[in-house]
Each structure stands twice: as C-alpha cells, then as structure tokens.
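First comes the structure, then the notes that go with it.
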Amino acid sequence: MKIFSFLIIFVSFTCLAQGTKDRSHDFPKFTPLDEILESPESSSGLDDPNKNRRIPKYIYGYKQRDHTLRENFNQIAGIYGVTWVLYPLTQPSVVKENGSFKNYRNNFGKLVFDKDEPFWNWFVHPMSGSQLFLYYRANGYSRIDSLAMAFVSSTLFEFTVEIYTEPASVQDLYQTPILGSILGVGIENLSMYLLNSGNSVGRFFGHLINPSTLFWFYEGKVRFIPQFDNKQTSATFVFEF
Amino acid sequence: MKYLFLVLLFINSFYALADSGIKKSAKKTAEKVEEKISSKGKELVDKIGDERIKKLDEGIHKVSRILHKNHLALKAGANFSANRLETKANTDDHYTGYGFNTHFGYHWSQLEISGSSYIHYGKAEELQYIVNDNVISGEGTVQFVSISPMIRFHTNWEPKQNYRFYIGGGPIWSIETVKLQDYNNSVGAFQEETKITYESSGGILVFGVEEQTPFKEMHPVFIEVAFVYQSSFRVSTVDISKVAETNILTTQRSFDDLETYNIMFSLGITVF
C-alpha cells in the first residue's frame, strides 16, 4: 500500500512537472506590424521590412515646411547665443590662454588657412556641423535649407565668436557646414532607423546620435494608434503641433 | 472461386495502376503546358515591362533637356590623384593620393557656380624642403586641402546618352601639410614632431560629364578630371606634440618654394 501510494505521488509529481514545462508562457500579446501596415514591398511580392516588427508607440520622421523670415532670424539668433556659451565651456584653456579683446580686434575680418591637427578639422568640425544640420532638420527645414542655415550659423561663429582666440579659418568655414551636412544625412538615416525600431535600446541610441529628436522643437514625432475591429485593421496617426 | 477472386483482384490492380499512370502523365503534361504558357506569359510581361521602362526613361531624359534646373545642390565624390612636387631644393617627387571632393553651388540649366573642395592624402619619398634656410630631406605623408570657387559650363554634347560634357575652372587656394617621418636636416634645427605646411595658390581646370536628370533627388552622377597648378606663398612649421593645441613655430614668405601639379580623377553623385 505504501509503495502504491508512493508510486501515485511520484507519477503525479512527474505529470505536474511535465505539464508546467509544456504550458505556453504568458508572452505579451501583440499583432505583427505587417498586419497593420501593408508595405509596398510586400504588395509587390518582395520581403516585407515590417514583418514581425514590434508596434511602435511613436513613429519618427522629418517634416518639411516653410518658415517665415522672422522664424529664420530667431533660429539663427538662438544658435548664435548658444555658441557664445558653448565655446568657452568646451575650450576653457584655449579661451583663457589665447583669448582677449585685443585678439578679437586684430582677428576681426581676417581669413587664414588654419594649421590645426586632423582631429579638429576632420572630426570636431564635421561633427559640430552635423549637429547643427540635424537641429535645423528637427525644426522642419529641408536638407538644402538646413545646410544653408548651418552655413550661416557656422560663418557667424567663425567671424564673430572664435576670433576671440584665433582668426577665421577657410577650411572650417567650408568644411563645417558641407562635411557636416553629409555626415548629418548619414546620422539622420541611421537615427530614424534606430528610433523606429520599436525597441527602447534602439531608441536610446537613436536619440544619442541625434539629440535634436529629444527636444520640444522636434517636429517629426507622430503618435501611432493601431485600431482593430472585426472587419478591418487600420491605424491613426496623431501629429502634435 | 478463390482463383477467380485473385484474378479479378489482379485485373483491378492492373487497371488501377494504368489509370493512375495515365492520370499522372496527363497531370505532368498539363503542368508542362501550364509552365510553358506561364513562362511565355512571363517573358511577354517582362518584355512589355522593359519596353515601357525604356520609353519612360527616354521620356524623362527628353523632359530633363527642356526643364531648367535652377536649384542649389550638394555634390560629393571620391578622387584619385597623380601629383608632382617641385621644390627649390631640387626635389622632383611624384606621389599618388586618395581622397574626396565636395561641391556646393547653384545650378542653372547650363551654368553652375559652386564652391568646391578637393582633399587627398598620399605618401612622398624624396622630399627636400628649405625651412628657415635649413634643408630638410626625408619621406613622409602629404595632405592636400584646397578650396576653389568654380564656374562650370554644361554643353549640349552628350558623349554618352544622357551624360552632358562640361568644362570649368577657377582659382584655387590650398594648404599642403607634410609630416616627415624619416628625415635629415642640415643644421639639426628641425624638431621632431613638427609638420611643415605650405599655403599655395593657383588655378584649376576641370572637364567632365554629368548625368542629366529632371530632378536632383535622382542623384545624378558626375565623372570629372581636374588639372591643378599651384605655387606656394607661405611656409610654416607647426609643433604637433600636443593634438589639442596648434603651436606655430615659424612662418615665412615662400614664393615659388613649392610648385605642385595635380591631375585628379573624380567620381561622385549629387547628395541632395
């Protein structure tokens, strides 16, 4: 009898363990994105890039709109003010050792070829130019308009801020907006891909490389609300402005 | 009776096999016919599709010849260059360089005004420079950075369909930086971790072809050959021991101390 009872208990335990193993885990329920958005690739018979993607809460992109002259002026003035704050913060030793109003007077209107190391000319300036470009893109400017605005901003910086320590540099005047815009287009595409990954880690890196998407002035964030009923699947996009 | 049953069973099986064989072969034949029809159909669809795409392309390019461009555009490309350096210290060195170029300007239908920059890096082996009356010789890397306001005139001649020939030119200013890695100097006054920079000016002449598209968003291609001549007007030595600081040691006038001849082959696209 004891043996029989032990056997019953053992078998029951084994069945219970097996049943626990076999029970499906309670994964959060989600509908693949391809059931909501039909991509042109899938309708043409190609691989669907939306297949099995997570549903994002927001969709990130870039808007392009017209801007008034006043708005352009305010943007440039705002960036100009920021450069006056950022320059001494980012290069305190240079500003302290080489900066003076006497230098400012002497360097005013001068244009030279600078002899800086490649670190400055090929890394720092294009990176700064790319972030300027992305700032204007976030504010609704087209790519070419963003390049033009970045050119104006960097020229103002070169001729009226940096001359506190050194004369304006030909390479910096050209390379900051131009190489910066080319780099900016690359960062823009990569950041949009990461931000639309539907993944918090992807969004983190997307915002990290393109910080302008974090701020209130970014115009390309769209709330995405999927809708389901018996007959159809659809989505509502909410633009905030 | 038993044998009759077996015979009937045998006959039945025989007919069943034959029937299935007939059905299979009929199915195969039907499949073959269907495949032939569908492949013929596919070929026809592809042919119609290709013809329509070709007509559309021709139409687009006909329109592009009529449309005025009138837009700002940024172009970028990669370049390969063959370079010659001549110095007053009787250096006549050749080196090849690899780099990139950018052009930002306004396009009308036949005229283009742009600010261009050509950059390349190379290694030269028989360099001899005079700096502060010292002769410094050795091998090292050469960095060439130039800026040039240019005018390009796009002709109507198309050496290849939809690619228009253009000619252009303008003044050019550059800074050539030489970092000597293995050197001897006559007086011993040249420091280690020092680079020499030559500021030069001259002229550039370009010939090329550019794809004609109605919209710059189609990223038209350009292929270009550029000829550059420059002579120096200033030479400096710069201390490069600290990356974050630029410490200019000496600067002096240097007329014709360095003459450079460059031929640059570029291939690129309109970015936006």
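The values are calculated or read from the model by the stated rules, or taken from the named source; none is laboratory data. Since the structure is predicted, the reported quantities are computational estimates derived from the model, not experimental observations. As a convention, Cβ positions derive from the backbone with ideal geometry for all residues, glycine included, and neighbour counts pool all protein chains shown. SASA here: full protein model, heavy atoms, side chains in, ligands and nucleic acids out. Shrake-Rupley method; radii C 1.70, N 1.55, O 1.52, S 1.80 Å.
Please report the buried accessible area for the interface of B with A, total over both chains, probe 1.4 Å, in Å² to the nearest 100.
2300 Å²
Give me the base-10 log of I(q)/I(0) for the stretch B:69-270 at each q in 0.11, 0.13, 0.14 Å⁻¹, Debye formula, one uniform scatterer per Cα, rounded to two decimals.
Results for the stretch B:69-270 at q = 0.11, 0.13, 0.14 Å⁻¹ read -0.56, -0.72, -0.80.
Pulled fully out, how much extra length does the chain show between B:Leu4 and B:Val33, if you take 0.36 nm times their separation in residues and subtract their Cα-Cα distance?
6.2 nm
Taking GluC sites (Glu not before Pro) that fall in a DSSP loop and have at most 15 other Cβ atoms within 10 Å as cut points, what is the longest piece of chain B between them?
B:1-191
Nearest 20 debye, what's the magnitude of the dipole of chain B about its Cα centre given +1 on Lys and Arg Cβ and -1 on Asp and Glu Cβ?
That gives chain B a dipole magnitude of about 2380 debye.
Kindly state, to the nearest 0.05, the FRET efficiency for B:Leu267 paired with A:Leu69, given R0 = 45 Å and r defined as their beta-carbon distance.
In this case the efficiency is close to 0.70.
Of the residues B:Lys23, B:Lys179, B:Lys55, which exhibits the maximal mean-square fluctuation in a Gaussian network model of chain B defined by a 10 Å Cα contact cut-off?
Per the Cα network of chain B with a 10 Å cutoff, B:Lys23 tops the list.
What does the charge dipole of the stretch B:1-66 about its Cα centre add up to, to the nearest 20 debye, if the Cβ of each Lys and Arg holds +1 and the Cβ of each Asp and Glu holds -1?
The dipole magnitude comes to about 40 debye.
Show me the chymotrypsin sites (Phe, Trp or Tyr not before Pro) within the stretch A:86-191 that DSSP assigns to loop and that have at most 11 other Cβ atoms within 10 Å of their Cβ.
none
Which one of B:Gly202, B:Gly169, B:Gly21 has the biggest mean-square fluctuation once chain B is modelled by GNM with Cα springs under 10 Å?
B:Gly21
Which residue, B:Ser241, B:Ser13, B:Ser200, tops the fluctuation ranking in a GNM of chain B built on C-alpha contacts under 10 Å?
The residue that fluctuates most here is B:Ser13.
Set the Förster distance to 60 Å, then compute FRET efficiency between A:Val112 and B:Gln161 from the Cβ-Cβ distance, nearest 0.05.
In this case the efficiency is close to 0.85.
List the relative contact order of chain B as a percent without decimals, with contacts defined as Cα pairs under 8 Å and 6+ residues apart.
Taking the mean separation of contacting Cα pairs over the length of chain B, I get 17 percent.
Heavy atoms only, probe 1.4 Å: what % of the accessible area of the stretch B:69-270 goes to carbon and sulfur, would you let me know?
Answer for the stretch B:69-270: carbon and sulfur cover 57 percent of the accessible area.
Starting from the Cα coordinates of the stretch B:195-257, work out the convex hull volume and express it per residue in Å³.
143 Å³
Once a ≥ b ≥ c are taken as the square roots of the eigenvalues of the Cα gyration tensor of the stretch B:1-66, is the result rounded (a/c under 1.5), prolate (a/b larger than b/c) or oblate (a/b not larger than b/c)?
Prolate.
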